[in-house]
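These notes concern the structure reproduced below.
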Amino acid sequence: MGERPSEFEIIERYFSLGVPSAWPSQGIGDDCAFLDIGATRVAVTTDTSAIGTHYLPDADPWTVGYKALAVNLSDLAAAGSTPRAFFLALSLPQSDPDWLERFSAGLKLAASRYHCALLGGDTTKTVRIGDQCAPAVITITALGEVKKGLTRGGARPGDDIWVSGTIGDAYAALMFRTGQWAGTCPAELARRMDCPTPRVELGEFLEPLASACADISDGLLQDLGHILKRSGVGARLYPEALAVSDALAQVPHERRLQAQLAGGDDYELVFTAPEALRPDIVAYAVRSRLSLSRIGKIVSEKNLLVCKPDGTPIPCRFAGFDHFR
Ligand code: ADP
Ligand code: MG
């Protein structure tokens, strides 16, 4: 048996099948695929999550329902699209009315908050194989409407790099909750892990302005890395410019940096935009009371350097999340 491929090697090697010309789209590699149906451009994304992989085994089903939809809406936001509808495929080891009641209440709140209608899906049972516990797996496909749409390609040398909100919070919550960091998990961080806010309005604002965009599900370095690869550029990153939550500010510096650069699950947006747009972006941040941090620059040299404020590169050994690494 050869070396086992990583998550992204799996996608590249086995599932980059190309796009038949009958229904043109930009293909695999962005947060959403765009399909032109009549005069309407539809953004489509699908995300799977499993209890035990994406949620702790004892996660409150309400938060599972809320978050399962929120992470899909985050991909729609990264594409600059407005959520319209979703499909739900649910694979469960058992029919537990209490679990289903809470799951559906969380899902329903996210759906009504973001005006997204459940239009269909599938419900099935998973079974135990040997002594392996049967998992609960939730797959959602979400559809949004978009004018042109944002992709991970399009970043140009000289563009600024921006990040919304605070990042590292969900990762810090996971570290506290799993005992990898000592102490109780601050409520502020727990909320960020359980109930992420898809940046739908920000995505709509950025759609005509940003040159590239992605949501941060797997860590800033990794998700910015996707933008760099798709755009054929590099970056200089200044992590000291990142906004930090009050709770994460209490964490020792090295841990905080690891959480901010490599921790996933915050579902903030990382985007690039020409320098001339700084006033518009700052005005939006003030208007919407959402912090937008300018954290670096796109360069033509195809590497990603993490730097101190004076420009000295920091040796960086953090890697983002990959399911098979
Ligand atoms: P995201 O985290 O935004 O959901 P990923 O970075 O995980 O997206 O995936 C990268 C790209 O690969 C996306 O365009 C996604 O749609 C695509 N992709 C992931 N898994 C598969 C698969 N099994 N088959 C086809 N495309 C896939
Ligand atoms: Mg994404």
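The values are calculated or read from the model by the stated rules, or taken from the named source; none is laboratory data. Just so we're clear, the structure is a prediction, and the values are computed from it rather than from any experiment. Neighbour counts run over all protein chains shown; Cβ positions are idealised from the backbone, glycine included. Please note that ligands, DNA and RNA were not included when accessible areas were found on the heavy atoms of the full protein model with its side chains. Shrake-Rupley method; radii C 1.70, N 1.55, O 1.52, S 1.80 Å.
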Set of aspartates and glutamates with alpha-carbon distance to K67 below 13 Å, sequence-local pairs under 8 removed: D47, D75, D194, D265, D266
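Based on the Cα atoms of segment 85-231, what semi-axes does the equivalent ellipsoid have, where each is the square root of 5 times one gyration tensor eigenvalue, given in whole Å with the largest first?
Working: eigenvalues 198, 102, 53 Å².
For segment 85-231, the semi-axes come out at 31, 23, 16 Å.
Given 0.36 nm per residue, what is the gain on full extension from S95 to D131 after removing their alpha carbon distance, in nm?
So the chain would gain 10.9 nm between S95 and D131.
So for the chain, averaging the separation of alpha carbon pairs under 8 Å that are six or more residues apart and normalising by length, what relative contact order in percent results? Write out the running numbers ahead of the final one.
Numbers: 708 pairs, mean separation 71.6, N = 325.
For the chain, the relative contact order is 22 percent.
Using a probe of 1.4 angstrom, how much of the accessible area of segment 83-229 is carbon and sulfur, in percent? Spell out each step's value before the answer.
Values: 3730 of 6850 Å².
Roughly 55 percent, rounded to a whole number.
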Considering only DSSP beta bridges where both residues belong to the chain, give the percentage that are antiparallel (nearest 5). 75 percent
If R0 = 22 Å, then S300 and R278, at their Cβ-Cβ distance, give a FRET efficiency to the nearest 0.05 of 0.60
Go from 0 up to the bin containing the longest alpha carbon distance in segment 1-89, width 5 Å each, and give me the % of pairs per bin. 3, 11, 17, 18, 18, 16, 10, 6, 2, 0
So for each of 285-294, 205-214, 188-197 I average, over its residues, the number of other beta carbons within 10 Å; can you give me the resulting order with the highest mean first? 205-214, 188-197, 285-294
Charged-residue dipole, Cβ positions (Lys, Arg, Asp, Glu), segment 207-325 about Cα centre, Debye nearest 20: 280 debye
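Mind putting a number on the dipole of the chain about its Cα centre? Charges go on the C-beta only, +1 for Lys and Arg and -1 for Asp and Glu, and I need it in Debye to the nearest 20.
Details: 32 positive and 39 negative charges, 87 e Å.
Using Cβ point charges on Lys, Arg, Asp and Glu, the chain gives about 420 debye.
What FRET efficiency, computed as 1/(1 + (r/R0)^6) with R0 = 56 Å and r the Cβ-Cβ distance, is obtained for R4 and S288, rounded to the nearest 0.05?
Numbers: r = 44 Å, r/R0 = 0.78.
The formula returns an efficiency of 0.80 here.
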List every residue whose amide H lies under 5 Å from the amide H of G296, counting only residues 5 or more places away in sequence or on a different chain, with H placed 1.01 Å from N in the peptide plane. I161, Y238
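Over the chain, with the other protein chains present, what is the accessible area per residue in square angstrom, probe 1.4 angstrom? Show your work: numbers first, answer last.
Working: 16070 Å² over 325 residues.
Normalised by residue count, the accessible surface of the chain is 49 Å².
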Excluding residues fewer than 8 positions from K308 in its own chain, the lysines with Cα under 18 Å of it are K297
Sum -39500 (n - 2.57) across every DSSP H segment of at least 4 residues in the chain, then divide by the residue count to get the 222 nm mean residue ellipticity, nearest 500. -9500 deg cm²/dmol
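From largest to smallest, what semi-axes in whole angstrom does segment 207-325 give when each is the square root of 5 times an eigenvalue of its alpha carbon gyration tensor?
Details: eigenvalues 89, 69, 46 Å².
In descending order the semi-axes read 21, 19, 15 Å.
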Filtered hits (lysines, Cα-Cα < 21 Å from K302, offset >= 8 within chain) -> K229
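For segment 48-169, what is the percent of antiparallel DSSP beta bridges, rounded to the nearest 5? Intermediate values should be presented prior to the final figure.
Details: 13 of 22 bridges.
Of those bridges, close to 60 percent are antiparallel.
Please compute one quarter of the surface area of the Cα convex hull for the chain and express it in square nanometres.
Values: hull surface 75.4 nm².
That works out to 18.9 nm², a quarter of the Cα hull's surface.
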What is the spin-label model distance, in nm, from R13 to H115 if the labels are put 7 Å beyond Cα along the C-beta direction? 4.5 nm
By accessible area (1.4 Å), largest first, W99, W23 order as W23, W99
